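A.B. asks: Attaching a single structure in C-alpha cells format; questions to follow.
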Amino acid sequence: MSASPAVEGWFTTGPEPTLLGSRCTTCTTVYFPPVRGEPAGFCRHPACDGGEFETTELSRRGTVWSYTDAQYQPPPPYVARTEPYRPFALAAVELPEGITVLGQVADGYGVRDLRVGAEVELVVEPLDEQLLVWRWKPVTELGEEADQ
Amino acid sequence: MSASHDIAVLGVGMHPWGKWGRPFTEYGVIAARAALDDAGIDWRDVDLVVGGETVRNGYAGYVAGATFAQALGWNGARVATSYAACATGAQALDTARARILAGLAEVALVVGADTTPKGFLAPNAGERWDDPDWLRFRLLGMTNPAYFALYARRRMDLYGATPEDFAQVKVKNARHGLANPNARYRKEVTVEDVLGSAVVSDPLHLLDICATSDGAAAVVVSSTEYARKIGLDRLVRVNAVSTVTPTFPNTVLDMPNISTDSRQGHRPERTFKESIAHAAYEEAGIGPVDVGLAEVYDLSTALELDWMEDLGLCERGQAESLLRAGETTLGGRIPVNPSGGLACFGEAVPAQALAQVCEVTWQLRGHATGRQVEDARVGITANQGLFGHGSAVVLST
C-alpha cells in the first residue's frame, strides 16, 4: 500500500511538490488551506462576496518567519513516529503569496539549521506508514554543506 | 477621558488559583460572594448575572451564568453566558456593561471559574479532519507552547532578546506575586532556575510557560449613578472594554491556526493585538502615556514583552530595554503584571480576564498590599482569545 496525502487536496506529491491554495475568482485573494467546498465557497475578504475558487499551486520556497521544536511528545491526536519519542522542529514560513504557513521541519534538520529570514523549500515526507505531510527543508547553498 | 459610557466597579473577589480539584461552581460561588461582600450588595439586589463559560466541565459549564445563579439561589435575575476562550471574561463584562448603559440592568454580577486538567491543553477526543485545532496536533504536533516559542524566537532573531531576558520576566513576576493571596505560586525564582528548567519548545523553558490552574474571579458592576446613590465616592470606573475581532488580512500567525491570511502586498495598519489596545484607548479617550500599570497575558515570559509593545508602552523591539532598566517592575515607570501575572497564577481560562480586572481595581483603590503601584490612576488589561477574540479593559479612578 502506498502512502497518500494526509489531507486530500492540500498539497501535491512528486519530485517538486507544492501546497495547493484556493484563489478567489472575483478578487484574486489566495487562501491556504484550500477553501472548504472549493470550487464553491465563501471568500473571506470583507469587501468581496465572491463564491468561486480555482486551485492554485503556491510557491515552493519561502522565508522563515519563526521556528521552534517540540522537545516533549505532543498530546493526542498527535501520533509519535518513534518509540521512544524523538523531538522534531517546526517552522512558520512566509510565502511570496503573502501567506505564512506552519509545517514541521524536514527529517534530519533542527532549530540549529534555521534562522528568521532564512530560505526553506517545501518537501513531502511520511507522517506515518499510510500518510504523507508537507514539511519545510532548509535550503543549503552549493558548497555550504561541505563547510559544515 | 469621556465618561458617557463609563460604568462603576462596586466590588471584586476571587477564589485563590491552584490545583484544588473541586467543582468550578464552588470556586465561582466563593468568588461571587467575595465580590458581593466587597461591594456591600445583597445578592437579591443583583438583576443580571453573566457567567464565563468553561468548556471542560460538562453542561453546567456551557450554561455557567445560570449555574452560578442557581448555586447562589435563584433570584429571578436576567442571565447571560459568554464564551470567547481566554477573552471570555472581557466579553462577559462587556455584556453586563451594555445592559447597564442601556438602562436594562442596574447591578450585574460577572463570574468566571474553571477546573482544569493537568498538562498540555489538547483538543477533545475524536477524529475531525476539518477542524484546524485538531489538525494542528494531528498533522504537525503543534502545541500551545510551540506557538509561544515562535513569538519568542522572533524577538531573539529580530531584536536581540536572550533567554536571560525571558527569565528576567519570570523573576520579576514571581517577585510581584509573592504577597498576592490569590496567586498559586508565591516563591522567588532566579534566572538560573528558569534556564535550568527543561526546554519545552526552543527557546522556552518550562518556567517560561504558564501552567493551567483552577480559580475564579468575580466583578460586581453598576451604573455610575447607582454607585453614587449607594454612597460610593472614590469610584473605580470601567472606561473601555475592547472585544474587537481582527481586521482582514490578519497576517500574524495566531494560535491555533496553521496559516495566516494573505497580506496581499501590503502590511495592515495594525496587527490584531495592536488593534485590541488601540480600540481600548480610543474608547477610553486616552493613550499609552496615561497608563500607570498594565496586566497582560503572559502565557509565556516572552509574550509579556510582545504585549508591552502591542499596548504602545514602548516602541517595537524596545521591551527588553525597559525590562532590563527595571521600568516594568514595581517602583518602575510602568509596572507590568503587578499581580504576578500568569507566571504566578497559571491560566484559568474563563476567569483570567476578570482576574486582571480585579487586580487593576485593587491597585486603583490602593488595596494591593505588598504589590501596590504608587499613585496608580489608570490601568489597562490585555489578552487575546483563540479564534479572533480581543480583550482589553481600561479602568481608572
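A.B. asks: For region B:217-233: of the residues being hydrophobic (A, V, I, L, M, F, W, C) and surrounded by fewer than 23 Cβ atoms within 10 Å (Cβ to Cβ), which is farthest from the other protein chains (Cβ to nearest Cβ)?
C.D. replies: B:230
A.B. asks: Quick check on region B:378-385. Is at least one of its residues without any contact (Cβ under 8 Å) to a residue 60 or more places away in the chain, touching a Gly at 6+ places or on another chain (Cβ under 8 Å) and surrounded by fewer than 24 Cβ atoms within 10 Å (Cβ to Cβ)? So that I can check it myself, show each step before the final result.
C.D. replies: Quick first cut of region B:378-385, residues without any contact (Cβ under 8 Å) to a residue 60 or more places away in the chain only: none.
For region B:378-385, residues without any contact (Cβ under 8 Å) to a residue 60 or more places away in the chain, touching a Gly at 6+ places or on another chain (Cβ under 8 Å) and surrounded by fewer than 24 Cβ atoms within 10 Å (Cβ to Cβ): absent.
A.B. asks: Hey, another quick one. Considering A:98, A:103, A:37, which residue is closer than 21 Å to residue B:139 by Cβ, small (Gly, Ala, Ser) and in contact with a Lys or Arg (Cβ under 8 Å, 6 or more places away or on another chain)?
C.D. replies: Only one candidate passes the filter, namely A:103.
A.B. asks: In this structure, does residue B:101 turn out to be modelled with pLDDT of 95 or more and in contact with a His (Cβ under 7 Å, 6 or more places away or on another chain)?
C.D. replies: Considered against the rule, which asks whether it is modelled with pLDDT of 95 or more and in contact with a His (Cβ under 7 Å, 6 or more places away or on another chain), residue B:101 comes out as yes.
A.B. asks: Follow-up question, since we're still on this one. Do you know which of the residues in region B:236-273 that are in a strand (DSSP E or B) and hydrophobic (A, V, I, L, M, F, W, C) is surrounded by the most Cβ atoms within 10 Å (Cβ to Cβ)?
C.D. replies: Residue satisfying both the conditions and the ranking: B:241.
A.B. asks: I would also like to ask the following. Test residue B:290 against the criterion of being over 26 Å from residue B:201 (Cβ atoms) and among the charged types (D, E, K, R), and give yes or no. Full working, then the answer.
C.D. replies: Numbers: over 26 Å from residue B:201 (Cβ atoms): yes; among the charged types (D, E, K, R): yes.
Criteria met by residue B:290.
A.B. asks: Hey, another quick one. Take the conditions assigned to a loop (DSSP other than H, G, I, E, B) and within 24 Å of residue B:350 (Cβ to Cβ) and apply them to residue B:186. Does it pass? Full working, then the answer.
C.D. replies: On the way: assigned to a loop (DSSP other than H, G, I, E, B): yes; within 24 Å of residue B:350 (Cβ to Cβ): yes.
Spelling it out, residue B:186 is indeed assigned to a loop (DSSP other than H, G, I, E, B) and within 24 Å of residue B:350 (Cβ to Cβ).
A.B. asks: Within region B:101-152, track down each residue that is assigned to a loop (DSSP other than H, G, I, E, B), more than 7 Å from chain A (Cβ to nearest Cβ) and of a type in the set (A, V, I, L, M, F, W, C).
C.D. replies: Across region B:101-152, the qualifying residues are B:102, B:104, B:105, B:121, B:125.
A.B. asks: Right, another one. Could you list, in sequence order, all residues of region A:35-52 that are over 11 Å from residue B:249 (Cα atoms), surrounded by 15 or more Cβ atoms within 10 Å (Cβ to Cβ) and within 11 Å of another protein chain (Cβ to nearest Cβ)? Quick ask: steps written out before the conclusion?
C.D. replies: We begin by selecting, within region A:35-52, every residue over 11 Å from residue B:249 (Cα atoms); these are A:35-43, A:47-52.
Those left that are additionally surrounded by 15 or more Cβ atoms within 10 Å (Cβ to Cβ): A:35, A:38, A:41, A:43, A:48, A:50-52.
Within region A:35-52, A:43, A:48 qualify.
A.B. asks: Taking into account only those residues within region B:274-305 that are surrounded by fewer than 24 Cβ atoms within 10 Å (Cβ to Cβ) and of a type in the set (D, E, K, R), which is nearest to residue A:23 (Cα to Cα)?
C.D. replies: B:274
A.B. asks: Is it true that some residue in region B:199-216 is part of a loop (DSSP other than H, G, I, E, B), within 14 Å of chain A (Cβ to nearest Cβ), on the phi < 0 side of the Ramachandran plot and among the aliphatic types (A, V, I, L, M)?
C.D. replies: no
A.B. asks: Now a separate question. Which one is surrounded by the fewest Cβ atoms within 10 Å (Cβ to Cβ) among residues in region A:3-34 that are hydrophobic (A, V, I, L, M, F, W, C) and in contact (Cβ under 8 Å) with a residue 40 or more places away in the chain? Spell out the reasoning first.
C.D. replies: Our first condition is that a residue be hydrophobic (A, V, I, L, M, F, W, C); within region A:3-34, this holds for A:3, A:6-7, A:10-11, A:19-20, A:24, A:27, A:30, A:32.
After this cut, where a residue has to be in contact (Cβ under 8 Å) with a residue 40 or more places away in the chain as well, the list is A:3, A:6, A:10-11, A:19, A:30, A:32.
Numbers: A:3: 16, A:6: 20, A:10: 18, A:11: 24, A:19: 26, A:30: 20, A:32: 23.
Among those that are hydrophobic (A, V, I, L, M, F, W, C) and in contact (Cβ under 8 Å) with a residue 40 or more places away in the chain, it is A:3.
A.B. asks: Would you check which residues across region B:83-122 are under 18 Å from residue B:389 (Cβ atoms) and surrounded by fewer than 20 Cβ atoms within 10 Å (Cβ to Cβ) and list them?
C.D. replies: B:98, B:121
A.B. asks: Mind checking which residues of region B:21-46 are touching a Ser or Thr at 6+ places or on another chain (Cβ under 8 Å) and outside any helix (DSSP H, G or I)?
C.D. replies: Across region B:21-46, the qualifying residues are B:21, B:22, B:23.
A.B. asks: (1) under 20 Å from residue B:352 (Cβ atoms); (2) assigned by TED's automatic domain parsing to the domain that holds residue B:15; (3) not hydrophobic (A, V, I, L, M, F, W, C): which one isn't true of residue B:176, the others all being true?
C.D. replies: All conditions pass for residue B:176, except number (2).
A.B. asks: What do you reckon, is residue B:9 modelled with pLDDT under 95 and either at negative phi or not in a loop (DSSP other than H, G, I, E, B) (or both)?
C.D. replies: So residue B:9 fails the test.
A.B. asks: Would you mind finding the one in B:71, B:66, B:60, B:80 that is more than 23 Å from residue B:235 (Cβ to Cβ), free of Cβ contacts under 8 Å to residues at least 24 places away in the same chain and of a type in the set (Gly, Ala, Ser)?
C.D. replies: One residue alone meets the criteria, B:66.
A.B. asks: Within the set of pairs 6 or more residues apart or between chains, which connect a residue that is in the same structural domain as residue B:195 (by TED's automatic domain parsing) and closer than 17 Å to residue B:279 by Cα inside region B:301-318 to a residue that is in a helix (DSSP H, G or I) and of a type in the set (A, V, I, L, M) with Cβ atoms less than 7 Å apart?
C.D. replies: What qualifies is B:308/B:319; B:308/B:322; B:309/B:319; B:310/B:277; B:311/B:277; B:312/B:277.
A.B. asks: Taking residue B:352 as the residue in question, decide whether it is touching a helix residue (DSSP H, G or I) at 6+ places or on another chain (Cβ under 9 Å), in contact (Cβ under 8 Å) with a residue 12 or more places away in the chain and crowded, with 24+ Cβ neighbours inside 10 Å.
C.D. replies: Yes; evaluated as a whole, the condition is true for this residue.
A.B. asks: Is there a residue being touching a Lys or Arg at 6+ places or on another chain (Cβ under 7 Å) and either closer than 23 Å to residue A:131 by Cβ or touching a residue at least 12 places away in the same chain (Cβ under 8 Å) (or both) anywhere in region A:75-85?
C.D. replies: Looking for residues that are touching a Lys or Arg at 6+ places or on another chain (Cβ under 7 Å) and either closer than 23 Å to residue A:131 by Cβ or touching a residue at least 12 places away in the same chain (Cβ under 8 Å) (or both), one finds at least one in region A:75-85, hence yes.
A.B. asks: Given the criteria within 7 Å of chain B (Cβ to nearest Cβ), within 30 Å of residue B:158 (Cα to Cα) and buried (at least 20 other Cβ atoms within 10 Å of the Cβ), does residue A:72 qualify?
C.D. replies: no
A.B. asks: From (1) buried (at least 21 other Cβ atoms within 10 Å of the Cβ); (2) in contact with a Pro (Cβ under 9 Å, 6 or more places away or on another chain), pick out the condition that doesn't hold for residue A:136.
C.D. replies: Result: residue A:136 passes all but (2).
A.B. asks: Let me ask something additional. Got a sec? Which of A:127, A:114 is surrounded by 19 or more Cβ atoms within 10 Å (Cβ to Cβ), farther than 30 Å from residue A:27 by Cα and in contact (Cβ under 8 Å) with a residue 60 or more places away in the chain?
C.D. replies: A:127
The values are calculated or read from the model by the stated rules, or taken from the named source; none is laboratory data. Please read all numbers here as calculations on a predicted model, not as lab measurements. Using ideal geometry, Cβ is built from the backbone for each residue, glycine included, and neighbour counts are taken over all protein chains shown.
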